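*Asks:* Let me begin by handing over the structure; questions about it come next.
The values are calculated or read from the model by the stated rules, or taken from the named source; none is laboratory data. Because the structure is a prediction, the values reported are computed rather than measured. All Cβ positions, glycine included, derive from the backbone under ideal geometry; neighbour counts span all protein chains shown.
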């Protein structure tokens with residue numbers, strides 16, 4: 001199961017790609033030619049290193065293929081393979097639909113590529129500048145060479161492929177019995193946050209690879225006396241911090257794991273500076289530096305900026321105790337919500353009333369405290385109801401079998417004990433600081449390192465030999481498959497065709513109307529992209545964009561290198577827009593709300609003509625898009 005060579009290559013490639021983004025930005029060569037030259041030089045350096053060291057793969061492709069076919073004959077690996085294939089199909093069929101990604105992650109990559117370097121973007125949506133950039137730097141080469149964002153999901157899918165082997169490897173190094181580690185590696189890979197995001201462009205679960213690899217490679221470095229593994233673990237933890245701010249506390253676990261092997265850094269004194277430079281560029285350091293420079297806050301958020309959302313909601317606002325207490329309630333709740341929860345409106349109303357009580361007011365800084373969704377999606381999925389219940393059942397059953405097992409509590413040595421303690425401390429820091437809507441999704445990098453905290457205890461090795469437990473585990477993995485089939489963002493069945501026929505025979509069915517709204521979202525996104533692009537005249541290569549937290553911009557840049565998008569703020573005048581050579585502007589209703597204007601007011605002020613408008617249902621409510629041609 002262990003895929004150590006692939007994990008090492010992915011970490012090295014990830015760090016090089018992120019570093020390439022920053023280096024090419026500094027040279028103002030963030031384009032196809034720049035990337036081609038950079039990757040050519042990197043490939044040559046790797047080839048020379050392999051020749052000098054005599055490194056070659058231990059197993060050929062044919063041997064690996066035969067081993068894989070044999071492995072996937074067993075139920076748990078077979079289910080994982082089915083999830084991978086379903087994710088590949090779902091990602092290939094649909095355009096990226098994640099609201100956050102389309103609102104600021106993908107647009108800022110087009111902005112950087114359009115300017116051929118990273119820059120602080122003039123925009124209302126501060127997330128385009130302040131959020132962690134690791135995922136975006138990984139997708140930039142895909143977008144620059146393909147001219148589209150349709151392949152960005154491959155970053156998540158590749159990371160997902162590495163999860164089982166990597167999880168098994170770190171589990172056995174954290175004191176978990178091999179048989180227990182084998183089963184739970186497959187079970188956790190079927191966790192909802194990992195399986196659902198494998199075909200998406202959401203940037204939570206793919207960070208788990210870097211978090212787990214950082215600890216695993218640091219422990220391997222000490223075990224194998226390998227300076228190479230220690231260096232790769234440094235790159236992995238750097239990538240983790242550079243991809244997700246909420247994963248930064250896990251760097252403590254890496255530090256504890258790497259500390260006993262710190263003497264290995266002196267074995268390659270010439271390599272150390274280059275490695276440190278790559279790790280620095282791949283980490284959160286550039287992001288934090290620019291946030292401090294432009295906003296005065298390491299997160300990049302201050303109340304005067306007019307944007308209230310913060311990944312660290314409770315920071316400097318409330319005592320950490322109340323954030324911790326609130327997450328003790330919210331995180332289990334979010335991980336126990338069923339795939340479909342029809343009573344969500346009543347529950348959410350109860351939570352809204354609760355935060356207005358004297359006691360509940362301690363949690364009013366949370367983003368929608370205690371809120372639950374009607375159905376699970378990539379926006380809100382934690383490890384999942386099935387895996388959570390299996391974990392509880394396993395803890396109870398293993399406790400009863402502890403005398404049969406014969407394991408010793410505390411197996412793994414002093415370093416492993418402190419690594420477990422560091423993971424627990426990182427979780428407490430997360431819970432004391434992060435109070436966002438569905439923090440269970442942000443915990444994706446944590447889950448795989450949290451499970452060894454109880455799986456190393458006596459009883460689990462005996463439990464996984466029980467037929468009833470194995471059947472239950474396989475059944476819970478199977479329950480993940482319907483979530484992918486009936487995904488709101490990437491349904492794997494002809495949803496609209498079926499619903500259209502049902503609506504013909506039941507025209508007044510409220511349930512069918514809700515189902516239509518649920519499954520029509522990705523089709524609306526695709527239709528909106530096509531229609532809006534077709535209505536933009538090819539001769540006008542510069543488009544004005546007036547929006548706040550909107551998700552229309554990605555397709556306005558296409559065809560790539562033939563069109564440029566400029567964002568404008570509510571205070572900008574019509575003369576400023578025309579001076580930029582703009583004759584067509586795209587407006588979203590959130591911008592009109594901020595500017596306190598109606599569409600009629602805008603047309604009068606800008607002397608424009610409305611030539612196209614559309615409306616679709618977003619998770620946050622109806623979104624209206626307008627295309628206006630400026631007269632004169």
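*Asks:* Are any residues in the stretch 526-540 closer than 14 Å to residue 558 by Cβ and in a helix (DSSP H, G or I), and if so, which ones?
*Replies:* 526, 528, 529, 530, 531, 532, 533, 534, 535
*Asks:* Is it the case that the stretch 1-9 has a residue that's part of a helix (DSSP H, G or I), closer than 30 Å to residue 377 by Cα and either modelled with pLDDT of 85 or more or in contact with a strand residue (DSSP E or B) (Cβ under 6 Å, 6 or more places away or on another chain) (or both)?
*Replies:* Yes: the stretch 1-9 contains one or more residues that are part of a helix (DSSP H, G or I), closer than 30 Å to residue 377 by Cα and either modelled with pLDDT of 85 or more or in contact with a strand residue (DSSP E or B) (Cβ under 6 Å, 6 or more places away or on another chain) (or both).
*Asks:* If you don't mind, another one. Going by the conditions given, is residue 455 touching a residue at least 40 places away in the same chain (Cβ under 8 Å) and touching a helix residue (DSSP H, G or I) at 6+ places or on another chain (Cβ under 7 Å)?
*Replies:* yes
Yes/no matrix, rows are residues, columns are (1) closer than 30 Å to residue 511 by Cα; (2) in contact with a strand residue (DSSP E or B) (Cβ under 8 Å, 6 or more places away or on another chain); (3) at pLDDT below 90; (4) not assigned by TED's automatic domain parsing to the domain that holds residue 239:
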position	(1), (2), (3), (4)
275	no, no, yes, no
282	no, no, no, no
289	no, no, no, no
333	yes, no, no, yes
338	yes, no, no, yes
344	yes, no, yes, yes
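*Asks:* For residues that are outside any helix (DSSP H, G or I) and in contact with a helix residue (DSSP H, G or I) (Cβ under 6 Å, 6 or more places away or on another chain), scanning just the stretch 359-372, find the one that is modelled with the lowest pLDDT.
*Replies:* 366
*Asks:* Return the total of residues in the stretch 607-623 being at pLDDT 85 or above, on the phi < 0 side of the Ramachandran plot and surrounded by fewer than 20 Cβ atoms within 10 Å (Cβ to Cβ).
*Replies:* Residues flagged as at pLDDT 85 or above, on the phi < 0 side of the Ramachandran plot and surrounded by fewer than 20 Cβ atoms within 10 Å (Cβ to Cβ) within the stretch 607-623 amount to 5.
*Asks:* Among the helices (runs of 4 or more DSSP H) confined wholly to the stretch 69-155, which include 1 or more residues that are farther than 30 Å from residue 476 by Cβ?
*Replies:* 106-115, 127-130, 134-146
*Asks:* Considering each residue of the stretch 233-278, count those that are within 19 Å of residue 46 (Cα to Cα) and either out of contact with any helix residue (DSSP H, G or I) (no Cβ under 9 Å at 6 or more places or on another chain) or surrounded by 24 or more Cβ atoms within 10 Å (Cβ to Cβ) (or both), and give that number.
*Replies:* Looking only at that region, the number is 8.
*Asks:* Out of curiosity, is residue 181 closer than 25 Å to residue 476 by Cα and surrounded by fewer than 24 Cβ atoms within 10 Å (Cβ to Cβ)?
*Replies:* no
*Asks:* State whether one or more residues within the stretch 560-574 are surrounded by 13 or more Cβ atoms within 10 Å (Cβ to Cβ) and at positive phi.
*Replies:* yes
*Asks:* If the requirement is being closer than 27 Å to residue 159 by Cα and assigned to a helix (DSSP H, G or I), which of these qualifies: 292, 255, 264?
*Replies:* 255
*Asks:* If you check 432, 473, 440, 426, which single one turns out to be part of a helix (DSSP H, G or I) and over 30 Å from residue 352 (Cα atoms)?
*Replies:* After ruling out the rest, the residue left standing is 473.
*Asks:* So which of 581, 571 ends up being assigned by TED's automatic domain parsing to the domain that holds residue 605, in contact with a helix residue (DSSP H, G or I) (Cβ under 9 Å, 6 or more places away or on another chain), assigned to a loop (DSSP other than H, G, I, E, B) and within 28 Å of residue 607 (Cα to Cα)?
*Replies:* 571
*Asks:* Yes or no: residue 418 out of contact with any helix residue (DSSP H, G or I) (no Cβ under 8 Å at 6 or more places or on another chain), farther than 30 Å from residue 522 by Cβ and either touching a residue at least 60 places away in the same chain (Cβ under 8 Å) or surrounded by fewer than 24 Cβ atoms within 10 Å (Cβ to Cβ) (or both)?
*Replies:* no
*Asks:* When you scan the stretch 351-358, do you find a residue that is under 28 Å from residue 101 (Cα atoms) and not in a helix (DSSP H, G or I), even just one?
*Replies:* No, the stretch 351-358 contains no residue that is under 28 Å from residue 101 (Cα atoms) and not in a helix (DSSP H, G or I).
*Asks:* Just name the residue that is surrounded by the fewest Cβ atoms within 10 Å (Cβ to Cβ) out of those in the stretch 485-522 that are touching a strand residue (DSSP E or B) at 6+ places or on another chain (Cβ under 9 Å) and assigned to a helix (DSSP H, G or I).
*Replies:* 517
*Asks:* Could you please find all residues in the stretch 363-380 being more than 18 Å from residue 515 (Cβ to Cβ), surrounded by fewer than 18 Cβ atoms within 10 Å (Cβ to Cβ) and within 21 Å of the chain's Cα centre (by Cα)?
*Replies:* Once the filter is applied, which keeps residues that are more than 18 Å from residue 515 (Cβ to Cβ), surrounded by fewer than 18 Cβ atoms within 10 Å (Cβ to Cβ) and within 21 Å of the chain's Cα centre (by Cα), the stretch 363-380 yields 367, 368.
*Asks:* Hey, another quick one. Residue 100 is checked against (1) buried (at least 23 other Cβ atoms within 10 Å of the Cβ); (2) under 14 Å from the mean Cα position of the chain (by Cα) and fails just one. What number does that condition carry?
*Replies:* Every condition holds for residue 100 apart from (1).
*Asks:* Could you tell me whether any residue of the stretch 33-55 is modelled with pLDDT under 65, more than 32 Å from the chain's Cα centre (by Cα) and exposed (fewer than 10 other Cβ atoms within 10 Å of the Cβ)?
*Replies:* Yes.
Listed here are the residues, each with its yes/no results for (1) modelled with pLDDT of 85 or more; (2) assigned to a loop (DSSP other than H, G, I, E, B); (3) surrounded by 16 or more Cβ atoms within 10 Å (Cβ to Cβ).
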{"residue": "551", "(1), (2), (3)": "no, yes, yes"}
{"residue": "576", "(1), (2), (3)": "yes, no, no"}
{"residue": "585", "(1), (2), (3)": "yes, no, yes"}
{"residue": "591", "(1), (2), (3)": "yes, no, yes"}
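*Asks:* Which numbered condition in (1) touching a helix residue (DSSP H, G or I) at 6+ places or on another chain (Cβ under 9 Å); (2) surrounded by fewer than 22 Cβ atoms within 10 Å (Cβ to Cβ); (3) under 30 Å from residue 569 (Cβ atoms) is the only one that residue 289 fails?
*Replies:* Condition (1) is where residue 289 drops out.
*Asks:* Among the residues of the stretch 382-390, is there at least one that is surrounded by fewer than 15 Cβ atoms within 10 Å (Cβ to Cβ), out of contact with any strand residue (DSSP E or B) (no Cβ under 7 Å at 6 or more places or on another chain), in a helix (DSSP H, G or I) and without any contact (Cβ under 8 Å) to a residue 24 or more places away in the chain?
*Replies:* So far as the stretch 382-390 goes, no, none of its residues is surrounded by fewer than 15 Cβ atoms within 10 Å (Cβ to Cβ), out of contact with any strand residue (DSSP E or B) (no Cβ under 7 Å at 6 or more places or on another chain), in a helix (DSSP H, G or I) and without any contact (Cβ under 8 Å) to a residue 24 or more places away in the chain.
*Asks:* If we scan the stretch 484-498, do we find a residue that is modelled with pLDDT under 80, over 28 Å from the mean Cα position of the chain (by Cα) and not assigned by TED's automatic domain parsing to the domain that holds residue 110?
*Replies:* no
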